[in-house]
Amino acid sequence: MSQLAVNLPGLNLKNPIMPASGCFGFGREYSEFYDLSKLGAIIMKAATGSERFGNRTPRVAETASGMLNAIGLQNPGVENIIKHEVPFLANYNTSVIANVAGSTLEEYEHVAAAFNDTEHVHALELNISCPNVKEGGIQFGTDPEMAARVTEAVKRASNLPVYVKLSPNVSDILSMAKAVEDAGADGLSMINTITGMQIHLPSGKPLLANKTGGLSGPAIKPVAIRMIYEVSQEVSIPIIGMGGITTAEDVLEFLLAGASAVAVGTANFQNPFVCVEIIDELPHVLSKYGYESITDVIGKGVSV
Amino acid sequence: MSQLAVNLPGLNLKNPIMPASGCFGFGREYSEFYDLSKLGAIIMKAATGSERFGNRTPRVAETASGMLNAIGLQNPGVENIIKHEVPFLANYNTSVIANVAGSTLEEYEHVAAAFNDTEHVHALELNISCPNVKEGGIQFGTDPEMAARVTEAVKRASNLPVYVKLSPNVSDILSMAKAVEDAGADGLSMINTITGMQIHLPSGKPLLANKTGGLSGPAIKPVAIRMIYEVSQEVSIPIIGMGGITTAEDVLEFLLAGASAVAVGTANFQNPFVCVEIIDELPHVLSKYGYESITDVIGKGVSV
Amino acid sequence: MINKEQVTILSSKTIALDTFEMVLNNHYISQHAKPGQFLHIYVEGHTLRRPISIANVDPEQETITVLFKRMGAGTQKIATYQPGMVLDVLGPSGNGFYIDSNDSTVLLIGGGIGVPPLYFLGKTLAKQGRKIISVLGFQSKQHVFYEQEFKALGETIIVTNDGSFGEQGFVTDVMDSLGQYDCYYSCGPLPMLQAITAIVPNQKGYISLEERMGCGVGACFACVIPTADEAGYRKICKDGPVFSAKEVTL
Amino acid sequence: MINKEQVTILSSKTIALDTFEMVLNNHYISQHAKPGQFLHIYVEGHTLRRPISIANVDPEQETITVLFKRMGAGTQKIATYQPGMVLDVLGPSGNGFYIDSNDSTVLLIGGGIGVPPLYFLGKTLAKQGRKIISVLGFQSKQHVFYEQEFKALGETIIVTNDGSFGEQGFVTDVMDSLGQYDCYYSCGPLPMLQAITAIVPNQKGYISLEERMGCGVGACFACVIPTADEAGYRKICKDGPVFSAKEVTL
Ligand SMILES: Cc1cc2nc3c(=O)[nH]c(=O)nc-3n(C[C@H](O)[C@H](O)[C@H](O)COP(=O)(O)OP(=O)(O)OC[C@H]3O[C@@H](n4cnc5c(N)ncnc54)[C@H](O)[C@@H]3O)c2cc1C
Ligand SMILES: Cc1cc2nc3c(=O)[nH]c(=O)nc-3n(C[C@H](O)[C@H](O)[C@H](O)COP(=O)(O)OP(=O)(O)OC[C@H]3O[C@@H](n4cnc5c(N)ncnc54)[C@H](O)[C@@H]3O)c2cc1C
Ligand SMILES: Cc1cc2nc3c(=O)[nH]c(=O)nc-3n(C[C@H](O)[C@H](O)[C@H](O)COP(=O)(O)O)c2cc1C
Ligand SMILES: Cc1cc2nc3c(=O)[nH]c(=O)nc-3n(C[C@H](O)[C@H](O)[C@H](O)COP(=O)(O)O)c2cc1C
Ligand code: FES
Ligand code: FES
């Protein structure tokens, strides 16, 4: 296996780098900057049962070393995604992960099942953690029992490996992780954004139309590292790590903390080439710190 | 009442600015930079029943727009603080708040009661949220029932107003706030640090000897603002806000979110004069955004 | 196509209260930019790029001019940048103003820091031999800029909110008194655009919109605006910032 | 007393691999600094200040010299700073080396980037007419700096780990072969300090320590080290960075 390759359930990745859900659309825009085949995988924007228009604007705000977003799961709906977006991504030699969202158990099942008939989707990322949907997402994401139920339902509905994306907005991340592992999750994806807010001083009101939004970017990296470290010591399914990654050294930090692959979100906005630049830089960072390959790193940090 | 003054239970503050607990020691060091009488109040470093030496070093790490600390409640013990530190602070014309910590309910009661006989302590900040103590602090801080019990116990033991300092490491900050309000808290203090970690790349291990530490600084401001906003709409006791404040505009943001006064922590390390510079700047910021006084601002942001 | 380009600052100067003119050098953008497009500028220490309209282009000199107002931390920082510094920008971004070859007289209506993209448009239209009328609104005399530049393109009316320069009032106050025009182009604060589209609802017109952006390339859905029929949406960064006045709901 | 001071960079140059010498101008610090003290330097974009020892002071010229190694993002940034720039520093910070007026021969033992504070100390002691012996250890020839400066103070032995310059080995390898001395002063990596205190446990000596700091002024308890009896602790930023070798547990 080559230096950067890593194999996860359903995903034979040529490198451990993928853009994070919601930060890369369905790949079209960034395909104008570089060849998407360079990516380990692509995680698509969330899919819901039918089209969603999301929240009112403003939907983003800048914060110190981070940003808030409250997009509200805007997406064209799972049928449109399968018809119009997946075929586009199928042109590239990369794995495709569908991010599955919903307001009800039934919606999650429906969306997950819809991807069964598409050849070019290799895994599901079950988004039980989006803080910007009022109807259910957040409860699924903070209650271990609910999380287990939706995981089981999606596993039953789908023939693809399921990575459950955990919310950091919980007192006890480990019990969430264990609950979804026990419910049959093939992997974890962590972390989603931390709920935050910014007040617009001239109006004295929350800047985002949705009031609260999800905090992402380098600001949250220490929280992501802590949660991945905590969880990876106690679960045996692999973790796709994310939260504030902007450099190849950040990737190494996530792998040492216990992740087996990583996703890059917010950093794409600052530098559209960030994913490929990280991929190019990774071999140098590996050798700088004395590692032969990605698989050589994985888990080293947590093995003692 | 003057432009910057604000009155809270036990605290008649000439201005709403105070250094945060643990970031200002017992005032001695910063008293060499400026006259502590300029401060609205001073929150002392945590006091425990007897002397504590804290965690091994390294105890701090830098993060993007923030830092991690795992001091581990090092302090000379409540008797020493009352004997040697409080008399020093009594020399200054400012309010003094004692930060009360412990591993057991009994230790909290003991520490709180010890301050009953000191004239120069005006309120207690009940630290149920320090993430760096293994024995109990964290459970008190994430379980509403435990939080209510320790609040009640300390209220019974103490003759001072009690501000309960909440941990952000919870799924539901509101139920924590309501639990301690119902248990008799006179005010809230929020937020404490968010648990995080950094991996030291050369060793592949956590950088902090304690592995995890508390994230503070501008990185966490959006989380603080969100939690204060959420809580202030539902409780009727006042909130001392903190988390990433570095400028007078940040102070305005906290007041608009629902705080009635604020504490400045990490920023003191970057600029030892930050508290007085903020105090000097506040009148200009108030008038820039059209406010007459601090009391004019308080709650404006949440009134709709 | 949007590129990620390094642009060199040739000059930077104050042209009105808190308002700066910066001339940049870059081959690719100077050859490809169309009126209405913007640069998405990376600012050190900031997570998000700042969108700034292209106010002028000289393809021979390979220069691009931007005008910006110091609003918050990002533009504050850009205002300190010195000639010789190199900026990292995405551009040219967004679509441009649609130009109908049948239009002979066009009205430009700019408000404050919405004026810049109209200058590049006006210059382009003037070169094509069209008649240009410009109505530019500013808060006060101190805020006025590019009066001479617009006058060089055609009739130009300046209005200020406080009457300290030109006529007193809003741009909409003088719109009645203008003669016939085939199409208007407007950029400025949302209330101004709303007022304009309400006053001349049946007039062909294009408006340039602002919204807080994440990616600036169409990938994140931060900057959407509902279409007029409310059945769809457009992305300001990619489908815009220019829209037909009838296409979107303000 | 520690002040918050603005210091102007007069010069900055590379003196060894990844190692820089920066000369700073400031009245207050140049008049008050003692050997062993440090500056706590603010670096734009970083939460925490960086502690850097004072390597030399010229009270007449009102200059302070610091030597630093490019390690991570902070020192990397300081290395890019140009003459004319103004830095915000706290200083002079910490205590200094204790100097016993009865000592006539002193041994300076420096390791790598621990060498700088010993130069200021050595110069001060030499001026007082004491005999100085210096043993300086570096990784390799490329890392060696200030050899001539120390030779001007007295006998100087350079050792390198790989033998590419001076003698091969560690500073502790040559300590036996030295004559008598009354007191040693050492600064360098922890293993080096541990080895030295183990080799000459009964010798009077002072060591300068490093630890990650929060406040740098004694308020946050980040930088503590247990005392030798394990019953107490010292703060490196305030009670140190210099300690009697017998005072603390390494
Ligand atoms: C397509 C487009 C073209 C523009 N052209 C110009 C121009 O030519 N000249 C000019 O001076 N300004 C222009 N603006 C507005 C300019 O982008 C904002 O003034 C600028 O981003 C403010 O940044 P700041 O850091 O100073 O303010 P802050 O308030 O500190 O910025 C915080 C965040 O909010 C965003 N933001 C704040 N105000 C606006 C706004 N009005 N529009 C979009 N994002 C905003 C910032 O980009 C940043 O992400 C344009 C905006 C858009 C969308
Ligand atoms: C009292 C004292 C005097 C010093 N004198 C010198 C000197 O004269 N020349 C010199 O080159 N170096 C000196 N150092 C070490 C210097 O402080 C670090 O190399 C520097 O802080 C590294 O910062 P960075 O941003 O490059 O590294 P990063 O690893 O990116 O720094 C991250 C954080 O860790 C801290 N840190 C990292 N390494 C150290 C360290 N060895 N000691 C303390 N904090 C550290 C940084 O200050 C920062 O807070 C001294 C340290 C101390 C405590
Ligand atoms: C604008 C934006 C939109 C996002 N949309 C989604 C989404 O649709 N589904 C999802 O699971 N996560 C979504 N996320 C979360 C990211 O996938 C990622 O978990 C988070 O941003 C942390 O990574 P980062 O710090 O690298 O951005 C979104 C994040 C951002 C910034
Ligand atoms: C070094 C350090 C030590 C701290 N010690 C305490 C403490 O003893 N008791 C406490 O309640 N909070 C403690 N805190 C938390 C702060 O009081 C404050 O709640 C937090 O740092 C957020 O504010 P900031 O971002 O302004 O630092 C400490 C924070 C830091 C950085
Ligand atoms: S800013 Fe991302 S879609 Fe427009
Ligand atoms: S760094 Fe704060 S006490 Fe030493």
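The values are calculated or read from the model by the stated rules, or taken from the named source; none is laboratory data. Treat the numbers as computed from the prediction; the structure is a model and nothing was measured. All Cβ positions, glycine included, derive from the backbone under ideal geometry; neighbour counts span all protein chains shown. Only protein heavy atoms, including side chains, enter the accessible area calculation; ligands, DNA and RNA are left aside. Shrake-Rupley method; radii C 1.70, N 1.55, O 1.52, S 1.80 Å.
Starting from the range B:129-154, take each residue that is of a type in the set (Ser, Thr, Tyr) and list its partners that are at pLDDT below 90, counting only C-beta distances under 6 angstrom and pairs at least six apart or across chains.
B:Ser129/B:Gly141
Give all pairs with beta carbons closer than 7 Å in which a residue from the range A:212-230 that is farther than 16 Å from A:Asn268 by Cα meets a residue that is open to solvent by 10 Å² or more (accessible area, probe 1.4 Å) and basic (Lys, Arg); count only pairs at least 6 apart in sequence or on separate chains.
A:Thr212/B:Arg226
Would you pick out the residues in the range C:192-236 that are under 11 Å from C:Val248 (Cα atoms), more than 18 Å from the chain's Cα centre (by Cα) and near ligand 5 (Cβ under 8 Å from one of its atoms)?
Passing the criteria: only C:Val224.
Within the bounds of the range A:50-69, is there any residue that is surrounded by fewer than 24 Cβ atoms within 10 Å (Cβ to Cβ), more than 20 Å from C:Cys237 (Cβ to Cβ) and more than 10 Å from every other protein chain (Cβ to nearest Cβ)?
yes
Which of the residues belonging to the range C:119-154 are of a type in the set (D, E, K, R), more than 17 Å from C:Gly179 (Cβ to Cβ) and either outside any helix (DSSP H, G or I) or open to solvent by 70 Å² or more (accessible area, probe 1.4 Å) (or both)? Quick ask: steps written out before the conclusion?
Keep residues of the range C:119-154 that are of a type in the set (D, E, K, R), which gives C:123, C:127, C:130-131, C:141, C:147, C:149, C:151.
Keeping just the survivors that are more than 17 Å from C:Gly179 (Cβ to Cβ) gives C:123, C:127, C:141, C:147, C:149, C:151.
Matches in the range C:119-154: C:Lys127, C:Lys141, C:Lys151.
For the condition part of a loop (DSSP other than H, G, I, E, B), within 14 Å of chain A (Cβ to nearest Cβ) and surrounded by fewer than 24 Cβ atoms within 10 Å (Cβ to Cβ), what is the one hit in B:Ser171, B:Ser175, B:Ser167?
B:Ser171
Given the structure, is D:Val23 of a type outside the set (S, T, N, Q), surrounded by fewer than 23 Cβ atoms within 10 Å (Cβ to Cβ) and within 14 Å of chain B (Cβ to nearest Cβ)? Quick ask: steps written out before the conclusion?
Working: of a type outside the set (S, T, N, Q): yes; surrounded by fewer than 23 Cβ atoms within 10 Å (Cβ to Cβ): yes; within 14 Å of chain B (Cβ to nearest Cβ): no.
Taking the combined requirement at face value, the residue does not satisfy it.
Which condition breaks for B:Ser2 when tested against (1) part of a loop (DSSP other than H, G, I, E, B); (2) open to solvent by less than 40 Å² (accessible area, probe 1.4 Å)?
Checking B:Ser2 against (1) part of a loop (DSSP other than H, G, I, E, B); (2) open to solvent by less than 40 Å² (accessible area, probe 1.4 Å), the one that fails is (2).
Show the residue pairs that are 6+ apart or on different chains and have beta-carbon atoms under 7 Å apart, the first residue being within the range D:62-73 and hydroxyl-bearing (Ser, Thr, Tyr), the second being open to solvent by 20 Å² or more (accessible area, probe 1.4 Å).
Pairs found: D:Thr63/D:Leu10; D:Thr63/D:Val23; D:Thr63/D:Asn25; D:Thr65/D:Glu21; D:Thr65/D:Val23; D:Thr65/D:Asn56.
Any residue that is away from ligand 1 (no atom under 16 Å from the Cβ) and in contact with a Gly (Cβ under 7 Å, 6 or more places away or on another chain) - is there at least one of those in the range D:16-30?
Looking for residues that are away from ligand 1 (no atom under 16 Å from the Cβ) and in contact with a Gly (Cβ under 7 Å, 6 or more places away or on another chain), one finds at least one in the range D:16-30, hence yes.
Going through B:Tyr108, B:Tyr92 one at a time, which residue ends up being within 30 Å of B:Glu29 (Cβ to Cβ), part of a helix (DSSP H, G or I) and not aliphatic (A, V, I, L, M)?
Matching residue, one of B:Tyr108, B:Tyr92: B:Tyr108.
Within 15 Å of ligand 3 (Cβ to nearest atom) and open to solvent by less than 40 Å² (accessible area, probe 1.4 Å): is that true of A:Val86 in this structure?
Judged against the criteria, A:Val86 is not a match.
Return yes when D:Ser164 is more than 16 Å from ligand 4 (Cβ to nearest atom) and touching a helix residue (DSSP H, G or I) at 6+ places or on another chain (Cβ under 6 Å) and no when it is not.
yes
Given the range A:211-295, what strands (runs of 3 or more DSSP E) lie entirely inside it while holding 2 or more residues that are more than 10 Å from chain B (Cβ to nearest Cβ) and surrounded by 21 or more Cβ atoms within 10 Å (Cβ to Cβ)?
Numbers: elements: A:212-216, A:239-242, A:261-264.
Correct list: A:239-242, A:261-264.
Quick one: in the range D:69-105, which of the residues that are of a type outside the set (D, E, K, R) and in a helix (DSSP H, G or I) is nearest to ligand 5 (Cβ to nearest atom)?
D:Ala73
Would you pick out the residues in the range C:199-249 that are over 19 Å from A:Ser21 (Cα atoms), of a type outside the set (D, E, K, R) and in a strand (DSSP E or B)? Quick ask: steps written out before the conclusion?
Keep residues of the range C:199-249 that are over 19 Å from A:Ser21 (Cα atoms), which gives C:199-212, C:225-234, C:236-249.
With of a type outside the set (D, E, K, R) added as a condition, the list becomes C:199-203, C:205-209, C:225-228, C:231-233, C:236-237, C:240-245, C:248-249.
Scanning the range C:199-249 gives C:Gly205, C:Tyr206, C:Ile207, C:Ser208, C:Ile225, C:Pro226, C:Thr227, C:Tyr233, C:Val242, C:Phe243, C:Ser244, C:Val248.
Under 6 Å between Cβ atoms, at least 6 apart or on separate chains: pull out the pairs that start in the range C:40-59 with a residue that is outside any loop (DSSP other than H, G, I, E, B) and end on any residue that is open to solvent by 30 Å² or more (accessible area, probe 1.4 Å).
C:His40/C:Pro51; C:Ile41/C:Arg50
Are there any pairs, at least 6 apart or on different chains, whose C-beta atoms fall under 7 Å, with the first in the range A:10-28 and free of Cβ contacts under 8 Å to residues at least 24 places away in the same chain and the second open to solvent by 10 Å² or more (accessible area, probe 1.4 Å) and assigned to a loop (DSSP other than H, G, I, E, B), and if so, which?
Every condition considered, the pairs that remain are A:Gly25/A:Lys45.
Quick one: which residue in C:Pro241, C:Pro201 is more than 13 Å from chain A (Cβ to nearest Cβ) and at pLDDT 95 or above?
C:Pro241
From the list A:Lys38, A:Lys45, which residue is away from every other protein chain (no Cβ under 12 Å) and open to solvent by 10 Å² or more (accessible area, probe 1.4 Å)? Step through it out loud before you land on a result.
Details: A:Lys45 fails: away from every other protein chain (no Cβ under 12 Å).
Of A:Lys38, A:Lys45, the one residue that is away from every other protein chain (no Cβ under 12 Å) and open to solvent by 10 Å² or more (accessible area, probe 1.4 Å) is A:Lys38.
Residues are listed down the side, and each one gets a yes or a no for (1) closer than 25 Å to B:Asp172 by Cα; (2) aromatic (Phe, Trp, Tyr); (3) within 16 Å of ligand 2 (Cβ to nearest atom); (4) touching a helix residue (DSSP H, G or I) at 6+ places or on another chain (Cβ under 9 Å):
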position: B:Asn210; (1), (2), (3), (4): no, no, yes, no
position: B:Gly217; (1), (2), (3), (4): yes, no, yes, yes
position: B:Glu230; (1), (2), (3), (4): yes, no, no, yes
position: B:Ile239; (1), (2), (3), (4): yes, no, no, yes
position: B:Glu249; (1), (2), (3), (4): no, no, no, yes
position: B:Ala263; (1), (2), (3), (4): yes, no, no, no
position: B:Phe269; (1), (2), (3), (4): no, yes, yes, no
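Quick check on the range D:79-117: of everything there that is aromatic (Phe, Trp, Tyr) and within 15 Å of the chain's Cα centre (by Cα), which residue is nearest to D:Val135 (Cα to Cα)? I'd like the intermediate steps shown before the answer.
If we filter the range D:79-117 for residues that are aromatic (Phe, Trp, Tyr), which is where we start, we get D:81, D:97-98.
Cutting the leftovers down to within 15 Å of the chain's Cα centre (by Cα) gives us D:97-98.
Details: D:Phe97: 17, D:Tyr98: 19 Å.
So the residue we want is D:Phe97.
Here are C:Ile199, C:Ile157: which of them is touching a strand residue (DSSP E or B) at 6+ places or on another chain (Cβ under 6 Å) and either within 22 Å of A:Ala209 (Cβ to Cβ) or open to solvent by 10 Å² or more (accessible area, probe 1.4 Å) (or both)?
None of the others qualify; the one that does is C:Ile157.
Taking B:Glu109, is it charged (D, E, K, R), more than 22 Å from B:Ala263 (Cα to Cα) and surrounded by fewer than 19 Cβ atoms within 10 Å (Cβ to Cβ)?
Taking the combined requirement at face value, the residue does not satisfy it.
So which of C:Glu167, C:Glu149, C:Glu155 is among the acidic types (Asp, Glu), within 30 Å of C:Tyr42 (Cα to Cα) and either within 16 Å of ligand 6 (Cβ to nearest atom) or not assigned by TED's automatic domain parsing to the domain that holds C:Lys34 (or both)?
Only one candidate qualifies: C:Glu149.
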